Every structure is written in C-alpha cells, then in structure tokens.
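Rule-based calculations on the coordinates, nothing more; no lab input. Keep in mind that this is a model prediction, so the values were computed, not measured. For neighbour counting, all protein chains shown are included, and Cβ atoms are generated from backbone atoms with ideal geometry for every residue, glycine included.
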Amino acid sequence: MFGLIVKMAVIHGRREEMIEILKESASNMAGCLSYVVAEDSADEDAIWVTEVWDSAGSHDASLSLPSVKSAIPRATAIVSSFEKIAVTTPVWGDRLLKAHAQ
C-alpha cells in the first residue's frame, strides 16, 4: 500500500470551497482505499488530506483522471501553500484491509 499526508493552506475564507473541490474530484478513483479530508482545528484556512492507495502507481494514475485534471486549476487558484508532510506505507486500518482484499 501507498499513503500520503498533505497539508494545504487556502486563501482566507475559501476552505469550504476547497473541500468541495476535493470531494468532487476524489470520487471513484481506482485503487484509492481511503481519502480523508479534514479541517485543521487550529487554523481556519488549513486542510489535511490523508490518502491510502493500493499502490503508488494507482495514485499517479489518478492525476490523469478527468475529474482530477479539471480540479487542479480550480484548486491551484485558491491554494496559498501545499506541503507534502509524509509519504507512508500503511500496514493496517480497520477497513483498509477489507477494501484491499476485494
């Protein structure tokens, strides 16, 4: 498995808009086992995204999906900073193993 933890800061007041962009673009991505978008509780302009994929290749392929490609310019326009916090190798998750086995 392949995982990413990303922190994004958006232009003040546009966090909900970014969350909607992420929700729209992240549905039906082959190989995505978990995609969690969370508001930072200490920073009203920050979002955390935690992703789990069956492989790095599935993640890379997702960047070519029409929904993702169309979301990138919309998201780029409101992101003030983007930080890849960690690339991880998930080893367990209560529903991850069941999804990965299917």
Would you please name the residue that is surrounded by the most Cβ atoms within 10 Å (Cβ to Cβ), looking only at residues in the stretch 27-74 that are of a type in the set (Val, Ile, Thr) and not in a helix (DSSP H, G or I)? 52
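When only residues in the stretch 76-92 that are outside any loop (DSSP other than H, G, I, E, B) and under 18 Å from residue 44 (Cβ atoms) count, which is farthest from the chain's Cα centre (by Cα)? Reasoning before the result, please.
If we filter the stretch 76-92 for residues that are outside any loop (DSSP other than H, G, I, E, B), which is where we start, we get 76, 79-88.
This time we only want the ones that are under 18 Å from residue 44 (Cβ atoms), so: 79-83.
Numbers: 79: 14, 80: 16, 81: 15, 82: 12, 83: 12 Å.
Applying the filter and picking the extreme gives 80.
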Among residues belonging to the stretch 1-26 that are within 11 Å of the chain's Cα centre (by Cα) and either assigned to a strand (DSSP E or B) or of a type in the set (S, T, N, Q) (or both), point out the one that is farthest from residue 54 (Cα to Cα). 8
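Say we look at the stretch 1-26 and pick out the residues that are under 15 Å from residue 79 (Cβ atoms) and of a type in the set (D, E, K, R); which of these is surrounded by the most Cβ atoms within 10 Å (Cβ to Cβ)?
So in the stretch 1-26, the residues under 15 Å from residue 79 (Cβ atoms) come out as 6-22, 25.
Then keep just the ones that are of a type in the set (D, E, K, R); that gives 7, 14-17, 20.
Details: 7: 15, 14: 15, 15: 20, 16: 11, 17: 15, 20: 13.
Ranking the qualifying residues of the stretch 1-26, first place goes to 15.
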Pairs only if they're at least six apart or on different chains, beta carbon under 6 angstrom, first in the stretch 1-14 and under 18 Å from residue 60 (Cα atoms) and touching a residue at least 40 places away in the same chain (Cβ under 8 Å), second aromatic (Phe, Trp, Tyr) and surrounded by 15 or more Cβ atoms within 10 Å (Cβ to Cβ); list them, first residue then second. 2/53
